[in-house]
Amino acid sequence: MRIACLGGGPAGLYFAIAMKLRDPAHHVDVFERNRAGDTFGWGVVFSDQTLENLTATDPVSARTIAEGFAHWDDIAVTKDGHTVTSGGHGFIGIGRKRLLQILQARAAELGVAMHFETEFSSDLAEYADYDLVVAADGVNSAVRGRYQDRFAVDIDVRRNKFMWLGTRQQFDAFAFIFEHTPHGWMWAHAYRFDGETSTFIVECSPETWEAAGFEQMDQAQAIAALERIFAAHLGGHPLMSNAAHLRGSASWINFRRVLCHSWSFDNVVLLGDAAHTAHFSIGSGTKLALEDAIKLAEVLDRPGLDQRPALTAALLEYEEERRTAVLRIQNAARNSTEWFETLDRYLDFAPEQFAYSLLTRSQRVSHDNLRLRDPAWLASAEAWFWTGDDAASQPIFAPLRLGEMELANRLVMAPMLTYRAESDGTANDFHFAHYTARALGGTGLIMTEMLAISPEGRATPACPGLWDEAQIAQWRRINDFINANSASRTCAQIGHAGARAACRVPGGAVGYDEPLAQPWPIVSASPHPWRAGGTVPTELDEQGIDRLVADFVAATERAARAGFDMLEIHAGHGFLLSSFITPVMNRRADRFGGTLANRMAVPLRVVAAVRAAWPVERPLAVRISATDWCGDDGIQPADAVEIARLFKAVGADLVDVSAGETAPDARPVYGRMFQTPFADRIRNEARIPVIAVGNIEDADQANSILLAGRADLIGIGRPHLANPMLALHMAARAGFSGHGVPAPYRLGFDQMVRAQRKAAEQLQA
């Protein structure tokens, strides 16, 4: 096979090596515009798995690479002169220049033809006599740029500025160093990669960069300024650049996230950064490039590739097998990038929480991962979260005070419709068994399904309500039992279904939001059905708004008499209050439509009136949809922050952060903990406690969210349906005996703890 490899970085060189090892008869030309010794990076970081992959492909070069590795175990986070160090992370690094030297020597040994200081063309017609053209020409790939339509290129230029530098200062840990300057915060990602040199990447927001005057500085001036800023950490050593060819502010870079929906066409294929990039903050760019090279060589190691259809199929196989791994890294890199881009949210965190938030920013490292890596450090972070309580355990079990209400733990049974109420909206024995079982199971806060404030506000005829005095008794019975027999607290969620009212009870062949054959009259912000074929609501007028406020207040007063410890107003999911908030449902031309301020008028009036009627010592929450998942047409996360601020201003103590369900044609992006970023943003920008919900399944995820400061409470829905004793099972697995276990269940709980301890001991043995 005759192969042209355009680009002589790690990806191109290693692919050439892998192909020659598989068949020395392959003719491989590597074209590189730079000289053999030129490089514009400093160190690169590998994982143990990557080294294993290199060893399996070429033990000779892998052995030489391993000899050049610098090893370190710790991550050190320094902010405000305070350093937090966590161990057990196991990094290995090598100088990029040294890596290129090793790969160049190995390629030459195997007969690869290397053409340095050679400008190669992006016009593929010049390579017509090659069987395969590999574009390994980096993040600014000329080939990808010329044929961007064929590759369906998506490039996202990130906002922060960074400069890639080196220093002779040695760092014994992977160091994250945050310095507060008169112009804003700047930080460094620093790590040693050989016996003499460390990578030192400086990053800052564009606002800080501009305020500091870096745009007007040449490279030498910028480096001198950075030496002054980070002087306390450089030990007298200067900062060094190996990109002297860059002039002025060009030495500062904005990271470009590259995503290609197709990696090949005809006999042309992209490799490494030309096909995809991952932010430097997770150190995976070279790893991905080398693993691309290994996989591409593997799929090309078969007969029949002289036929174009067979070659095309092999290139597609390479892409399909690599895409999942790449997207996984890119998703983690996106999370990491966004953490640094929104650093202001976390700067007032205590050192322990700030470090934890940084360590878990990509979601690749979880609470349990950290316990395996450095159990002593994690125990100290947990103790901090518990404010020094001697009973400190996992964050999910830490108590929380809201107003005068004390929660025994941070676990919330999320509100979920059961469709089991009587026809008059009264709760019954099912609700008694359902809610009391989860309370006996140790859940800190039990939230009811939405209780309708009026008969016409029910989603279905089987939904319960609080519109009548007769409905108080059953809820009083449930609350009295929970108070007498558990440490749980209860919250009534009240609301009006709006355009989603008067629907059939789902189940069997009946789906959600299917209107009744004879629906009762329904109302909404605008006279548009929630979905095509749905019941057309009447636009709520001024008198209707007055009745709505009065109904909310009356339901609030009934909830207080029913003995609920907390109240939540449902203002999300396309229900009546949500229909005012979201522009995808609110199409009014009066003072209640148009701007966000106008659309919030009715919900704010409701919350203010409820706050006035609800006992001041009891907390009030509001559930919102933080995004409509409708792009620019709907609520954006930034809007959600303002919505939370407005609710906070009229008396809300807590925001229950959900998302979507405001439009049937929404395009949600699901995944584990998929709504948590919205909770994080609202909590740390609006400065209000939040409940995180959405595909949070276990204690590990919950603990990661809590200790990272992304939420204050964790709402878990479906796992609670499957397991009423969810909280007790979590506590038993954690060996936490301080949980409020009901006395009749104590023997069983202790047995679970012993069984968990025994299983752990056997695993260690």
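Some observations on this one:
- Evaluating N331 against the criteria (1) under 17 Å from the mean Cα position of the chain (by Cα); (2) modelled with pLDDT of 95 or more leaves one unmet condition, (2).
- Residues of segment 698-717 classified as in contact (Cβ under 8 Å) with a residue 40 or more places away in the chain and either in a helix (DSSP H, G or I) or out of contact with any Asp or Glu (no Cβ under 9 Å at 6 or more places or on another chain) (or both), total: 11
- Tallying residues that are surrounded by fewer than 21 Cβ atoms within 10 Å (Cβ to Cβ), within 18 Å of Q675 (Cα to Cα) and in contact (Cβ under 8 Å) with a residue 40 or more places away in the chain within segment 615-637 yields 4.
- Residues in segment 478-516 that are more than 34 Å from the chain's Cα centre (by Cα), surrounded by fewer than 17 Cβ atoms within 10 Å (Cβ to Cβ) and among the charged types (D, E, K, R): 1 in all.
- A244 vs. criteria in a loop (DSSP other than H, G, I, E, B) and modelled with pLDDT under 95: yes
- Check on G694, in contact (Cβ under 8 Å) with a residue 60 or more places away in the chain, of a type in the set (G, A, S) and either assigned by TED's automatic domain parsing to the domain that holds G660 or assigned to a loop (DSSP other than H, G, I, E, B) (or both): no
- The set of residues in segment 6-43 that are within 40 Å of the chain's Cα centre (by Cα) and closer than 16 Å to L305 by Cβ comprises F15, A18, M19.
- Tabulated pairs, segment 213-241, first under 14 Å from E179 (Cβ atoms), second acidic (D, E) and not in a loop (DSSP other than H, G, I, E, B), C-beta under 8 angstrom, 6+ apart or interchain: I229/E179; F230/E179; L234/E227; L239/E227
- Pairs meeting the criteria (first residue in segment 117-132 and closer than 17 Å to R33 by Cβ and among the charged types (D, E, K, R), second residue modelled with pLDDT under 90 and in a loop (DSSP other than H, G, I, E, B), beta carbons under 8 Å, at least 6 apart or on different chains) are E117/N34; E117/R35.
- Of all the listed residues (F200, F193, F176), the sole one being at pLDDT below 95, buried (at least 22 other Cβ atoms within 10 Å of the Cβ) and not β-branched (V, I, T) is F193.
- Residue in segment 562-572 that is under 17 Å from H496 (Cβ atoms), in the same structural domain as M450 (by TED's automatic domain parsing) and aromatic (F, W, Y) present: no
- Those residues of segment 530-576 which are of a type in the set (V, I, T) and out of contact with any strand residue (DSSP E or B) (no Cβ under 7 Å at 6 or more places or on another chain), in sequence order: V536, I545, V549, V553
For (1) in contact with a Pro (Cβ under 8 Å, 6 or more places away or on another chain); (2) assigned to a strand (DSSP E or B), each residue gets a yes or a no:
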{"position": "A427", "(1), (2)": "yes, no"}
{"position": "A439", "(1), (2)": "no, no"}
{"position": "G442", "(1), (2)": "no, no"}
{"position": "E449", "(1), (2)": "yes, yes"}
{"position": "A462", "(1), (2)": "no, no"}
{"position": "A470", "(1), (2)": "no, no"}
{"position": "R476", "(1), (2)": "no, no"}
{"position": "D480", "(1), (2)": "no, no"}
{"position": "I494", "(1), (2)": "no, yes"}
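- If you go through segment 356-390 and keep only what is among the polar types (S, T, N, Q), surrounded by 15 or more Cβ atoms within 10 Å (Cβ to Cβ) and not in a helix (DSSP H, G or I), you end up with T360, S362, Q363, S366.
- Scanning segment 289-347 for residues that are over 30 Å from W185 (Cα atoms), among the basic types (K, R) and surrounded by 14 or more Cβ atoms within 10 Å (Cβ to Cβ) gives K295, R322, R323.
- Scanning segment 656-695 for residues that are farther than 26 Å from N586 by Cβ and of a type in the set (S, T, N, Q) returns T676, N684, N695.
- Flag for V510 being in contact with a Lys or Arg (Cβ under 7 Å, 6 or more places away or on another chain), in the same structural domain as G444 (by TED's automatic domain parsing) and not polar (S, T, N, Q): yes
- Here S579 meets each of (1) among the small types (G, A, S); (2) touching a strand residue (DSSP E or B) at 6+ places or on another chain (Cβ under 9 Å); (3) surrounded by fewer than 24 Cβ atoms within 10 Å (Cβ to Cβ) with one exception, condition (3).
- Filter pass, G68 being on the phi > 0 side of the Ramachandran plot, in contact (Cβ under 8 Å) with a residue 40 or more places away in the chain and either in the same structural domain as L259 (by TED's automatic domain parsing) or of a type outside the set (S, T, N, Q) (or both): no
- Meets criteria (among the basic types (K, R), closer than 27 Å to Y346 by Cα, crowded, with 16+ Cβ neighbours inside 10 Å and at pLDDT 95 or above) for K20: no
- Selection of segment 417-465 for residues being of a type in the set (A, V, I, L, M), surrounded by fewer than 21 Cβ atoms within 10 Å (Cβ to Cβ) and either without any contact (Cβ under 8 Å) to a residue 60 or more places away in the chain or in contact with a Lys or Arg (Cβ under 8 Å, 6 or more places away or on another chain) (or both) yields L417, A433, A462.
- Some residue of segment 139-152 being part of a loop (DSSP other than H, G, I, E, B), assigned by TED's automatic domain parsing to the domain that holds E210 and among the small types (G, A, S): yes
- Checking A289, A293, A243 one by one, the residue that is closer than 23 Å to R98 by Cβ, in contact with a Ser or Thr (Cβ under 8 Å, 6 or more places away or on another chain) and among the aliphatic types (A, V, I, L, M) is A243 and no other.
- Residues in segment 586-614 that are part of a loop (DSSP other than H, G, I, E, B) and free of Cβ contacts under 8 Å to residues at least 12 places away in the same chain: A589, D590, R591, G594, T595.
- Only one of the numbered conditions (1) out of contact with any Pro (no Cβ under 8 Å at 6 or more places or on another chain); (2) buried (at least 16 other Cβ atoms within 10 Å of the Cβ); (3) of a type outside the set (F, W, Y) is not met by Q216, and that is (2).
- When residues in segment 630-671 are screened for being within 22 Å of the chain's Cα centre (by Cα), assigned to a helix (DSSP H, G or I) and of a type in the set (A, V, I, L, M, F, W, C), 5 of them pass.
- The helices (runs of 4 or more DSSP H) found wholly in segment 45-130 include none carrying at least 2 residues that are of a type outside the set (V, I, T), in contact with a His (Cβ under 8 Å, 6 or more places away or on another chain) and loosely packed, with under 15 Cβ neighbours inside 10 Å.
The values are calculated or read from the model by the stated rules, or taken from the named source; none is laboratory data. Quick caveat, the model's predicted, so the values are computed rather than measured. Every residue, glycine as well, gets a Cβ built from its backbone with ideal geometry; the counts of neighbours run over all protein chains shown.
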